[in-house]
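A short worksheet on the structure shown next.
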Amino acid sequence: MPPPKDVVKIAIQMVGAIPQLIELQQTKPLASVLKDVCDAWSLPNAERYALQYADGRQTYITESNRRDIKNGSILRLTTSPDQEAEQLYIGIQSKNVDVKTDSLKKLASLSQDVTFAQEFISRNGLKQIYSIVEEGNDAGEMLAHTLKAFTELMEHDFVSWENLSTVFIKKIVSYVNMNAVDASIQQLSLSILENMVPTSRLLFEVVKKEVTLDRLLTHLQATNAQLQLKAMALLIALLLSATDAERRDMMEYLREKNIRQFIHKNIIHSSEPLGDEMAHYLYVLQSVSLNLCEHRMKMSMDPYSQEQRDLLHSLRQTAFESESEVPAGTFSTERRRSLCAKEFRKLGFVNNSNPAEDLHRAPPGLLALDNMVYFSRNTPNAYSRFVLENSSREDKHECPFARSSIQLTLILCEILHIGEPCSETAQAFYPMFFGQDHFFEELFCICIQLVNKTWKEMRATQEDFDKVMQVVREQITRILSLKPTSLELFKTRVNALNYSEILKLRQTERLHQEETLAVPVLELREKLKPELLELIRQQRLLHLCEGTLFRKISSRRRQDKLWFCRLSPNHKVLHYGDVEEGVQSPPIESLPEKIPVADMKMLLVGKECPHTKSSGKQNKDVLELAFSIVHDVEECCLNFIAPTRYEFCLWTDGLNVLLGKEMTSERTQTDLDVLLSMELKLRLLDLENISIPDDPPPIPKPPSNLNFCYDFSHAEQ
């Protein structure tokens, strides 16, 4: 008979004593439980003791978290958090170096626990930490433990970062700016500054002034991967906290220092694999850089701006230089205006008498004009060839350069998500972005020539403009999805994917769709579905058994902390626990926490999850990746933020399988379609080029007699 819900069977250890096996009454006050445990070992003063988990993070058991204790948990009787906090508060003030170092080391470890942190901070313990750093008498291991303890204590948000003194901040900055400092101290100092920056404008200005971009670039060039990561984290924090003007200045300075080429060579193409955290920072850096175009993208052309008019007329002058060089007195004003209108029409402007009207739409606004000017100035031969080649065609067959440029700029803005806020979890960046200055403009130069090439391949007329641009969008999207490493490689591949190739791909997809819509095929699909769905279920459970690395995301920042979760091979228990950076697949024995599948009640996703409600986050990206498992009673939840949408689909499907429910993710339908397509092709292989009728052929009438049956007995004689 199973034990009651309010009773859990646990083991309690103590150094030098035989472990106790007890049935913990969850309704019984924790103080009474501790008294019973201490009495069994004849220990006086039960109030000086506490229970904590023996494995994993060794969290203290309190009235608020005791419901997380599971059957079979191993706890340890240890000194209570208030006693431990008091001892360490005294220990870190000791004159004995060994005692002080050991106390700081233990403090750094225990400060991860919220109960202990509260006790230590309530004793004004942070003041002692400040003193150790500000006095600057300690270095090496002792200082590293001090900074680690400070970071962990501040993580609990009991104290505001704005309370830090100027002396303390300058000391932390000095560790970042000094050369002869241990790498671990510099990493911790960079992490502390990264936490400071988003909390207030004042702290942002202090850090920006004291830690120069040159210094951060020096750390980025270090061979230590963790130091590189922390320097990149601080750089991203500064960029995200800056005003638009400050961000533009910072990005311009970084461009002058060739940061993109350095990242492309030494981080993206380094011998070490790129971690998730660095991939996210590179995505943010790419997003911030591309979003610098947003201002011009949203600005319509001002026909009264002399600067903008000069840019517009420079397009005409570059394309039709010989005509433009005619002396001013040769033609009347009316004749000159007529000539300009004719040239603007040849350039492909719809409103050739007032081309500024074409650039009134925002987006793409002035960004389209900037791209056209860049193309004309940096690749003048290609620009002149484009314009003159189309000028010599019939009116209806000419590819309008200006109209195409405006629409192409809009397409590129949509594909590259210019003007959209940075995602908090995305890691999708384009390696070729970091291999090229003026990436957006150079990409435009390649794609506008692609427009002309595709236009000719399609033998398009003005009426086909939208169709051509749709094909160009498809060409760009398909090649970008392959993540080419350089713009040259992108150019080669996108030009190889010509209109005939696009037609072949579309025809294949259309034929496949037509095949799968025939009535007999649809019936066969339905018969195959159960078997293939079972295959998908097995794959989902296998993925859960392999496990996944998840990140903890707080309301303040994207954290470095990792945890791993995996399903036991017998599909009966979920094992999970915290892991260190760099650990890819920890053994199941090293994961201390567990949830029996039998205790799982339901799966919550998106806005229903408690961690999306409590954090106050309504970021669309986070909501799309959030899911929670409700277990035991409804108050107990294991909360997840999936690293990718793919992982979200596999995990939610797998958990639904464990709960005996249908798989509901979009990935299930995609996988089912792929498997059905493969299976159907194999089954229908012998029917190639044979049309399948919608209705089965009629069954013939039975014969009048069955005398045609062969008699084997006569043959044997």
Based on the Cβ-Cβ distance of ASN351 and ASN381, what FRET efficiency does E = 1/(1 + (r/R0)^6) give at R0 = 30 Å, to the nearest 0.05?
0.60
Which whole-number percentage describes the relative contact order of the range 7-79, with Cα contacts under 8 Å and a sequence gap of 6 or more?
41
Can you return the aspartates and glutamates within cross-link range of LYS70? Criterion is Cα-Cα under 17 Å, with same-chain partners fewer than 8 residues away left out.
ASP6, GLU23, ASP55, GLU589, GLU593, ASP599, ASP632, GLU634, GLU635
If you fit an axis through the alpha-carbon atoms of helix 519-546 and take the longest principal axis of the Cα set of the chain, what angle between them do you get, 0 to 90°, nearest 10?
40
To the nearest 500 deg cm²/dmol, what mean residue ellipticity at 222 nm is calculated for the chain from DSSP H runs of n ≥ 4 alone, each contributing -39,500 (n - 2.57), summed and divided by the residues?
-16500 deg cm²/dmol
Length added when fully stretched, HIS360-CYS636, from 0.36 nm per residue minus Cα-Cα:
93.8 nm
For LEU482 paired with ALA31, estimate the spin-label separation in nm (one decimal), with each label point 7 Å from Cα along the Cα-to-Cβ line.
7.2
Among LYS552/LYS661; LYS527/LYS701; LYS148/LYS552; LYS601/LYS661; LYS209/LYS230, the pairs whose Cα-Cα distance exceeds 20 Å are LYS552/LYS661; LYS527/LYS701
Report, in degrees rounded to the nearest 10, the 0 to 90 angle that the Cα long axis of helix 183-196 makes with the longest principal axis of the chain.
70
Along the range 239-250, what does the Karplus equation 6.51 cos²θ - 1.76 cosθ + 1.60 (θ = phi - 60°) give for ³J(HN,Hα), rounded to whole Hz, x for Gly and Pro?
5, 6, 8, 6, 6, 4, 5, 4, 5, 5, 5, 5
For the pair GLU63 and SER109, what calculated FRET efficiency results from E = 1/(1 + (r/R0)^6), where r is the Cβ-Cβ distance and R0 = 22 Å, to the nearest 0.05?
0.40
Per DSSP, the loop-located chymotrypsin sites (Phe, Trp or Tyr not before Pro) within the range 1-74 having at most 16 other beta carbons within 10 Å are TRP41
Would you grab the residues whose amide H sits under 5 Å from the one on GLU398? Only those 5+ places off in sequence or on another chain, please, with H modelled 1.01 Å from N.
none
HN-Hα couplings for the range 492-497 via Karplus (6.51, -1.76, 1.60; θ = phi - 60°), in whole Hz with x for Gly/Pro, come out as 4, 6, 6, 6, 6, 7
I'd like to compare 359-367, 243-251: which one has the highest average count of other Cβ atoms within 10 Å, and what's the full order after that?
359-367, 243-251
May I ask you to derive the relative contact order of the chain, considering only C-alpha pairs under 8 Å and at least 6 residues apart, and to give it as an integer percent?
7
By how many degrees, between 0 and 90 and to the nearest 10, does the Cα long axis of helix 380-391 differ from the longest principal axis of the chain?
50
Kindly flag which residue pairs out of LYS171/LYS208; LYS342/LYS467; LYS28/LYS572; LYS453/LYS504 have an alpha-carbon separation exceeding 22 Å in this structure.
LYS342/LYS467; LYS28/LYS572
Accessible area per residue, 1.4 Å probe, Å², for the chain: what's the number?
52
Need the full-extension length gain, LYS601 to GLU666, defined as separation in residues times 0.36 nm minus the C-alpha distance. One decimal, nm.
21.1 nm
The range 85-272 - charge dipole about Cα centre, Lys and Arg +1 at Cβ, Asp and Glu -1, debye rounded to 20:
400
Ratio of the Cα radius of gyration of the chain to 2.2 N^0.38 Å, where N counts its residues:
1.28
Cβ-Cβ FRET estimate between ASP98 and ALA222, R0 fixed at 35 Å, reported to 0.05
0.65
Ignoring ligands, DNA and RNA, what percent of the 1.4 Å accessible area of the chain is carbon and sulfur?
52
Name all residues of the range 216-260 having a backbone nitrogen under 12 Å from the label point set 7 Å from the Cα of HIS295 along its Cα→Cβ direction, giving them as ranges.
243-252
Cα pair count fraction exceeding 19 Å, expressed as % - the range 1-72:
32
Here the alpha-carbon Rg of the range 85-272 over 2.2 N^0.38 Å rounds to 1.09
Given Cβ point charges of +1 (Lys, Arg) and -1 (Asp, Glu) and nothing else, what value in debye, to the nearest 20, does the dipole of the range 178-333 about its Cα centre take?
240
Taking 7 Å along the Cα-to-C-beta vector as the label spot, tell me the LEU43-HIS571 distance in nanometres, rounded to one decimal.
4.3
Largest-first semi-axes in Å of the equivalent ellipsoid built from the Cα gyration tensor of the range 1-158 are 34, 16, 13
From the backbone phi of the range 269-278, what are the Karplus-calculated ³J(HN,Hα) couplings (6.51 cos²θ - 1.76 cosθ + 1.60, θ = phi - 60°) in whole Hz, Gly and Pro given as x?
9, 6, 5, 7, x, 7, x, 4, 5, 5
Note the full-extension length gain between ASP695 and SER590 as 0.36 nm times their separation in residues minus their Cα-Cα distance, in nm to one decimal.
31.8 nm
Give me the one-decimal nm value for the distance between modelled label points at GLU205 and ASP673, 7 Å along each residue's Cα-to-Cβ direction.
5.4
What residues qualify as long-range amide H neighbours of VAL573, i.e. H under 5 Å apart, gap of 5 or more or another chain, H built at 1.01 Å from N?
SER568, VAL597
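The values are calculated or read from the model by the stated rules, or taken from the named source; none is laboratory data. Just so it is clear, the structure is predicted and the values come from calculations on it, not from any experiment. Note: ideal-geometry Cβ built from the backbone for every residue, glycine included; neighbour counts use all protein chains shown. To get the accessible areas, we keep the full protein, side chains included, count just its heavy atoms, and leave off ligands, DNA and RNA. Shrake-Rupley method; radii C 1.70, N 1.55, O 1.52, S 1.80 Å.
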